[in-house]
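Data first, discussion second: the structure below is written as structure tokens.
The values are calculated or read from the model by the stated rules, or taken from the named source; none is laboratory data. Please read these numbers as outputs of a predicted model, since none were measured by experiment. Neighbour counts are summed over all protein chains in view; Cβ atoms, including those assigned to glycine, are modelled from backbone coordinates with ideal geometry. What goes into the accessible areas is simple: the full protein's heavy atoms, side chains included, and nothing from ligands, DNA or RNA. Shrake-Rupley method; radii C 1.70, N 1.55, O 1.52, S 1.80 Å.
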Amino acid sequence: MKLTIKKEEILKGLQRIQGVVEKKNTMPILSNMLLTAEGKSLEIIATDLEIGLRGSYAAEVDKPGAVTVSAKKMYEIVRELPAEDVQIRVEEGSWVKILSGRSQFKLVGLPKDEYPAFPDVAEEGMIALDGATLRDMIRKTIYSVGENDARYVLNGLYMQMSQTKQGLMIRMVGTDGHRLSMIDRVVDAKHKDESMIIPRKAMMELRRLLEEDAPQAELRLGFSKNHALFKRDGLVMVSKLIDGNYPNYLQVLPTKNTKKVTVSKESLTHAVRRVSILSKEKTNAVKLQLENDRLVLSTNNPEVGEANEELGVDYRGEGISIGFNSRYLLDVLTAMDRESVVLELSDPLSPCLITEDGDEHYKCVVMPMRV
């Protein structure tokens with residue numbers, strides 16, 4: 001195998017796969033990527049057996065071939081190379097030689113036969129989506145998905161599709177038992193009614209790909225029994241689905257919270273940030289006290305000190321004092337885009353519903369804590 005490729009072209013491909021490559025080294029081959037030179041392109045594949053990413057990049061191929069090599073080391077080398085053109089050659093014994101300007105590197109490679117096969121997912125029934133819409137939906141829900149939760153299904157983002165008169169409604173839900181976020185968006189597409197749970201890591205990688213320079217690019221997605229498939233601009237990402245039944249999230253959404261208060265998102269975010277500086281590190285607890293025309297945030301930590309801040313709000317009614325994990329509140333507020341947010345409360349032990357003022361299709365729930 002012998003080829004020449006522009007530095008920025010191969011760097012883009014290597015950057016994309018860094019999040020996919022297996023870091024734990026359970027199988028050494030998974031910290032490698034598969035390079036295949038053919039025609040006028042270099043194909044780069046990476047997988048951790050859960051997610052696979054395949055991209056094609058323009059190159060001048062003198063001699064076709066394939067090899068697997070360390071994704072991390074190759075990325076670190078290419079990033080520092082001085083010249084625009086990078087030459088890659090595979091020598092006897094699967095040694096990978098990288099030449100650029102006056103720099104030369106040799107990396108240990110492995111034959112391509114040892115690399116796991118890329119899952120083959122049928123492309124029937126794929127739907128086209130605006131990349132920006134999907135990216136926004138992931139951003140607004142991913143923070144509440146569980147990480148290494150014993151209840152395996154909570155480690156993924158629940159996605160439900162249902163056909164309505166307006167179009168295809170896509171719902172995304174994330175929860176880890178302490179908080180929940182749910183967003184609905186209607187897109188102009190047709191698809192059968194179905195639901196699936198996509199692993200957190202896959203959605204994080206997809207979001208990263210959608211945040212690249214062309215966020216308006218159209219994305220195509222489809223599902224088989226065990227896999228989700230995403231395609232965009234010569235990029236293909238395949239992810240295994242999480243097998244299991246997602247909990248009944250609708251019963252967590254409060255419907256009878258009578259104490260409603262609208263508050264400036266920015267003011268509340270900064271107040272929570274400031275007050276939580278003195279909260280206990282284990283709990284991050286912050287107390288919210290709602291009274292007529294004011295919302296008081298406070299924290300009390302005998303080892304460090306105490307803090308409180310008052311915000312003017314438009315509220316008339318019975319007062320309430322309730323505690324929350326400040327990190328959970330900040331995650332919700334950071335995901336919201338509008339100027340004002342609405343907090344709906346019931347009593348100190350019931351969950352709080354937070355919505356954006358004017359958007360009833362995005363709902364977040366945060367469970368209270370004793371303070």
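With all protein chains in place and ligands, DNA and RNA left out, the 1.4 Å accessible area ranks E60, E114 as E60, E114, largest first.
What does the charge add up to near D193, with Lys and Arg as +1, Asp and Glu as -1, over the other residues with Cβ less than 15 Å from its Cβ?
In short, +2.
Here D359 and R151 are evaluated by their C-beta separation; at R0 = 30 Å the FRET efficiency comes out at 0.55. With the convex hull constructed from alpha-carbon coordinates only, segment 230-315 shows a mean projected area of 10.8 nm² over all directions. Computed over protein heavy atoms with a 1.4 angstrom probe, the accessible surface ordering of M336, M126, largest first, is M126, M336.
Ligands, DNA and RNA left out, the 1.4 Å accessible surface of segment 241-296 is 45% carbon and sulfur atoms. With Rh defined as the Kirkwood radius, the inverse of the mean 1/r over Cα pairs, the Rg/Rh of segment 12-105 is 0.95. Between T164, T68, T269, the Gaussian network model of the chain with springs among Cα atoms under 10 angstrom shows the greatest mean-square fluctuation at T164. Please compare each pair in K40/K106; K112/K201; K12/K201; K6/K97; K23/K140; K201/K287 to a cut-off of 22 Å on the Cα-Cα distance and tell me which ones are over it. Listed pairs above 22 Å: K40/K106; K112/K201; K23/K140; K201/K287.
At 20 °C and 1.002 mPa s, what whole-number value in µm²/s does Stokes-Einstein give for the translational diffusion of segment 248-371, with Rh from the Kirkwood sum over Cα pairs? Calculated translational D: 147 µm²/s. Scalar couplings 3J(HN,Hα) for segment 245-253, obtained by applying the Karplus form with A = 6.51, B = -1.76, C = 1.60 to θ = phi - 60°, are 9, 6, x, 6, 6, 5, 6, 7, 6 Hz; x denotes Gly and Pro.
When only the Cβ of Lys, Arg, Asp and Glu is charged (+1, +1, -1, -1), the dipole of segment 1-86 relative to its Cα centre reaches about 160 debye. Based on the convex hull around the alpha carbon atoms, the chain presents an average projected area of 22.1 nm². Largest GNM mean-square fluctuation across M237, M33, M74, computed for the chain with C-alpha springs under 10 Å, falls on M74.
For E318, the solvent-accessible surface computed with a 1.4 Å probe is close to 130 Å², ligands and nucleic acids excluded.
The stretch between L49 and Q104 holds 16.6 nm of extra length on full extension. This uses 0.36 nm per residue minus the Cα-Cα distance.
Under 22 Å of direct C-alpha separation, and excluding same-chain neighbours fewer than eight residues apart, K165 reaches these lysines: K190, K192. Extension gain, D113-E60: 0.36 nm per intervening residue step, less the Cα-Cα distance, totals 16.7 nm.
Among L290, L35, Q251, pick out the residue whose Cα is farthest towards the positive end of the charge dipole of the chain, where Lys and Arg carry +1 and Asp and Glu carry -1 on C-beta, about the Cα centre. Of L290, L35, Q251, it is L35. Once both labels are modelled 7 Å past Cα along the beta-carbon direction, what's the E211-Q251 spacing in nm? Result for the modelled spin labels: 3.6 nm.
Could you pull out which residues in segment 49-84 have an amide N less than 17 Å from a spot 7 Å beyond the Cα of R220, following the Cα-Cβ vector? Flagged as within label range: 54-56.
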